[in-house]
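Just below is one structure, and these are the notes that go with it.
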Amino acid sequence: MLRMRSLLPPLLFTLAYAVVSLGVTNSYYQLILTLVPVWAVFGLSWNLLSGYTGLISFGHAAFFGIGAYATALGQIYFDISPWLLIPVAAMLGGIAGLLIGFPTFRLQGHYFALAMLAYPLAILYVFEWLGFQEVTLPIKRDAPIAYMQFADPRFYTLLGLAIMLATIVLTQMIERSRFGMALLAIKQNEAAAEAAGINTLAWKLRAITLSGAIAAAIGGFYAQVLLVVTPQSVFGMLVSAQALTVAMFGGVGTVWGPVIGSVILIPLAEILHAEAGARIPGIQGVIFGIAIVCVILMAPEGLFWKLRDLVRKRSAKATTDVPPEAAAANVTTLKPAARQRAAKGEVMLEVKNLSRSFGGLKAVQDVSFKLHKNEILGIIGPNGAGKTTLFNLLNGFLKPSQGEVLIDGRNMSGQRPHVICEAGIGRTFQVMRPFLRMSILDNVVVGAYVRARSDDEARKMAADAVVRVGLSAVADRVAGELSTKELRLMELARAIAGQPRILLLDETLAGLGHGEADEVVAVIQQLARDGMTIAIIEHTMQAMVRLVDSFLVLDHGAVITEGLPEVVTRDSRVIEAYLGKKWVGHAAN
């Protein structure tokens, strides 16, 4: 039922557009009506990579041009029907995406964008050097349908609409699947996505492969519509700019954004080009430039998100928000009590002589310890002692200079975060890393994928994790609207959704008031009673003393001491380096 409801809007839009196009007899306006779905599909292909991962591509014309030339040259030299050549073009575009993506994904931010820009420019010069400055498709009067050469231009529009509808449906399917959720997580916080078990490189390669295939397919269709292909018209900078502009104008990271952008910008640019192109050369580029400026100033994420946020604000005023008491009522409010210490069980995690240097700075120096099953280990020390660096070494964000990280006796030192997550280590962060555009439940679903075999199973596991931390009453709220306590609990739920055996908690109580900290500690205590093995970094010593089984104390990257809380907190070295004399007086009381 839900799937049919999501299919209804694109079906109705396509049907209405088809009805309008059938009533147009002017050949030029009919061409414009055909170009709208062409650029909508091209925008959707760009959006699949850049809109959902956040890696801006200035070079999508590379795939578009490959598709156009493959279709044109296949007809000229091999007399193959475009009905066969367009799927072949899609395959070539996908292969090109994979070949381009593998080296280029090593870059980030503007370096990635500039590297992508180089590909279509290089291919453009290659095709010019090969002598394909202008390729005209042969006219097939004896079999026009077989060669996609329709006497009535309205057939091109209908075929373009069919391709657009198929692309929209495909994008919708991806958006709510593991594929789409992984891409959105990567876009909003790649480090958190890796820590949750997502192989970010693999998903980005899948995205650029599919994106390249769609772009090449629509490029092949574009060649059939115009019957002429030039390097500049399919590889030029304006081509990539149009894909980017229609998506950004309408709304990145959404199915409808590129469609909205194409419906508004393509007719405007084409009509102005026809009317004023002779007087103002390059008027199309001016239109797209103005559109980008307007979007940046008034709706940075595009019209779709701007309108959706306005609707949400109005609906929020019309409905009563969940009161804080209602949300808190669903969280266990047991005060943290002294915990019965776990007996020393099997070793779950063993660290041997772990070190990490940054130039001349030794952030972690020859650290060794063991974490036993069902134990809560508190890692304490002054700021800059190397605690978070140690966590980053344990779950793969940093590679050690030397030493071993043994999980169940297997050395996982230097493995990527998603591999270590798959091995059974969950992680929260000192600086919270939520996926702000997702709901609480969707945030947690991302963490469940590492163990779930299907989307339905991931949602069940996520719902269970949300209940365990007490957020089920507000599970549908968007993360960007949450309080600090709710964000901390949500990150905890995301970490446990993948059913880890070991949980690394990095200052989970940071930014919380006393009562809020008690609630979060109570949740952690319950997780420990349920059999979770935990290592926690925290500065709130009153809670830590009652929570942990043992302490590991770091200073200047090295271990000062380790042992039971009552022993460690009376150690003169710990008092001098971290606790201070005020702690002695407080502990005595």
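The values are calculated or read from the model by the stated rules, or taken from the named source; none is laboratory data. Just so it is clear, the structure is predicted and the values come from calculations on it, not from any experiment. Quick reminder, even Gly has a Cβ in these numbers, built from the backbone with ideal geometry, and neighbours come from all protein chains shown.
All told, Gly447 falls short of being touching a Cys at 6+ places or on another chain (Cβ under 7 Å), surrounded by 24 or more Cβ atoms within 10 Å (Cβ to Cβ) and of a type in the set (Gly, Ala, Ser). Scanning the range 19-50 for residues being out of contact with any helix residue (DSSP H, G or I) (no Cβ under 6 Å at 6 or more places or on another chain) and small (Gly, Ala, Ser) gives a total of 3.
If the condition is being of a type in the set (D, E, K, R), over 36 Å from the mean Cα position of the chain (by Cα) and surrounded by fewer than 15 Cβ atoms within 10 Å (Cβ to Cβ), then the range 522-570 contributes Glu566, Arg570. Considering the range 221-243, and only residues there that are among the β-branched types (Val, Ile, Thr) and either assigned to a helix (DSSP H, G or I) or closer than 27 Å to Pro434 by Cα (or both), the residue that is modelled with the lowest pLDDT turns out to be Val239.
Residues of the range 510-549 that are within 22 Å of Leu349 (Cβ to Cβ) and in contact with a His (Cβ under 9 Å, 6 or more places away or on another chain): Thr533, Asp549.
Contact map, the range 524-552: residues that are farther than 11 Å from Glu375 by Cα paired with residues that are part of a helix (DSSP H, G or I) and of a type in the set (Lys, Arg), Cβ distance under 6 Å, separation 6+ or inter-chain. Pairs shown: Ile537/Lys387. Among the residues making up the range 423-434, those that are over 19 Å from the mean Cα position of the chain (by Cα) and more than 13 Å from Ala191 (Cβ to Cβ) are Ala423, Gly424, Ile425.
Check whether at least one residue in the range 14-26 is closer than 21 Å to Leu227 by Cα, in the same structural domain as Ile218 (by TED's automatic domain parsing) and without any contact (Cβ under 8 Å) to a residue 12 or more places away in the chain, and report yes or no. So far as the range 14-26 goes, yes, one or more of its residues are closer than 21 Å to Leu227 by Cα, in the same structural domain as Ile218 (by TED's automatic domain parsing) and without any contact (Cβ under 8 Å) to a residue 12 or more places away in the chain. Taking the range 461-486 as the range and being out of contact with any helix residue (DSSP H, G or I) (no Cβ under 6 Å at 6 or more places or on another chain), of a type in the set (Gly, Ala, Ser) and surrounded by 19 or more Cβ atoms within 10 Å (Cβ to Cβ) as the test, only Gly470 passes. Selection over the range 414-426 of residues that are at pLDDT 90 or above and outside any helix (DSSP H, G or I) gives a count of 6.
Based on this model, can you work out whether Ile56 counts as over 26 Å from the mean Cα position of the chain (by Cα), among the β-branched types (Val, Ile, Thr), surrounded by fewer than 24 Cβ atoms within 10 Å (Cβ to Cβ) and more than 18 Å from Phe235 (Cβ to Cβ)? Here the answer is no, as Ile56 does not meet what is asked. The single condition among (1) within 20 Å of the chain's Cα centre (by Cα); (2) at negative phi; (3) part of a loop (DSSP other than H, G, I, E, B) that Gly396 does not meet is (2).
Considering each of Arg453, Arg501, Arg410 in turn, give the residue that is within 22 Å of the chain's Cα centre (by Cα) and basic (Lys, Arg).
Values: Arg501 fails: within 22 Å of the chain's Cα centre (by Cα); Arg410 fails: within 22 Å of the chain's Cα centre (by Cα).
The match here is Arg453.
Of all residues in the range 74-93, exactly one satisfies the criterion of being without any contact (Cβ under 8 Å) to a residue 24 or more places away in the chain and either small (Gly, Ala, Ser) or in contact with a strand residue (DSSP E or B) (Cβ under 8 Å, 6 or more places away or on another chain) (or both), namely Gly74.
Arg501 meets each of the listed conditions (1) modelled with pLDDT of 90 or more; (2) over 25 Å from Leu349 (Cβ atoms) apart from (2).
Can you tell me which residue in the range 399-437 is surrounded by the most Cβ atoms within 10 Å (Cβ to Cβ), limited to those that are among the aliphatic types (A, V, I, L, M) and more than 21 Å from Met348 (Cβ to Cβ)? Can you show your working first?
Filtering the range 399-437 down to residues among the aliphatic types (A, V, I, L, M) leaves 405-407, 412, 419-420, 423, 425, 431-432, 436.
Narrowing the set further to residues that are more than 21 Å from Met348 (Cβ to Cβ) leaves 431-432, 436.
Values: Val431: 10, Met432: 19, Leu436: 14.
In this case the residue turns out to be Met432.
Before we move on, is Arg453 basic (Lys, Arg), surrounded by fewer than 19 Cβ atoms within 10 Å (Cβ to Cβ) and outside any strand (DSSP E or B)? Break it down into steps so the answer makes sense when it comes.
Values: basic (Lys, Arg): yes; surrounded by fewer than 19 Cβ atoms within 10 Å (Cβ to Cβ): yes; outside any strand (DSSP E or B): yes.
For Arg453, the condition - basic (Lys, Arg), surrounded by fewer than 19 Cβ atoms within 10 Å (Cβ to Cβ) and outside any strand (DSSP E or B) - is met.
When you check Leu504 against the structure, is it in a loop (DSSP other than H, G, I, E, B) and either free of Cβ contacts under 8 Å to residues at least 40 places away in the same chain or in contact with a Lys or Arg (Cβ under 6 Å, 6 or more places away or on another chain) (or both), yes or no? Here the answer is no, as Leu504 does not meet what is asked. The condition (being out of contact with any Phe, Trp or Tyr (no Cβ under 6 Å at 6 or more places or on another chain), β-branched (Val, Ile, Thr) and farther than 25 Å from Val36 by Cβ) is satisfied by just one residue among Ile174, Ile145, Ile139: Ile139.
If you go through the range 145-167 one residue at a time, do you hit one that is touching a helix residue (DSSP H, G or I) at 6+ places or on another chain (Cβ under 9 Å) and over 30 Å from Ala72 (Cα atoms)? Checked the range 145-167: no residue is touching a helix residue (DSSP H, G or I) at 6+ places or on another chain (Cβ under 9 Å) and over 30 Å from Ala72 (Cα atoms). Each residue in the range 180-220 was checked for being of a type in the set (A, V, I, L, M, F, W, C), assigned to a helix (DSSP H, G or I) and crowded, with 24+ Cβ neighbours inside 10 Å, and 16 of them qualify. The criterion of at least 1 residues that are assigned by TED's automatic domain parsing to the domain that holds Ile376 and modelled with pLDDT under 85 is met by the following helices (runs of 4 or more DSSP H) wholly inside the range 527-589: 541-547, 581-588.
Taking the condition touching a residue at least 60 places away in the same chain (Cβ under 8 Å), in a loop (DSSP other than H, G, I, E, B), under 25 Å from Pro144 (Cα atoms) and over 23 Å from the mean Cα position of the chain (by Cα), does Val38 pass? Before the answer, list the steps.
Details: touching a residue at least 60 places away in the same chain (Cβ under 8 Å): yes; in a loop (DSSP other than H, G, I, E, B): no; under 25 Å from Pro144 (Cα atoms): yes; over 23 Å from the mean Cα position of the chain (by Cα): yes.
No: the conditions fail for Val38.
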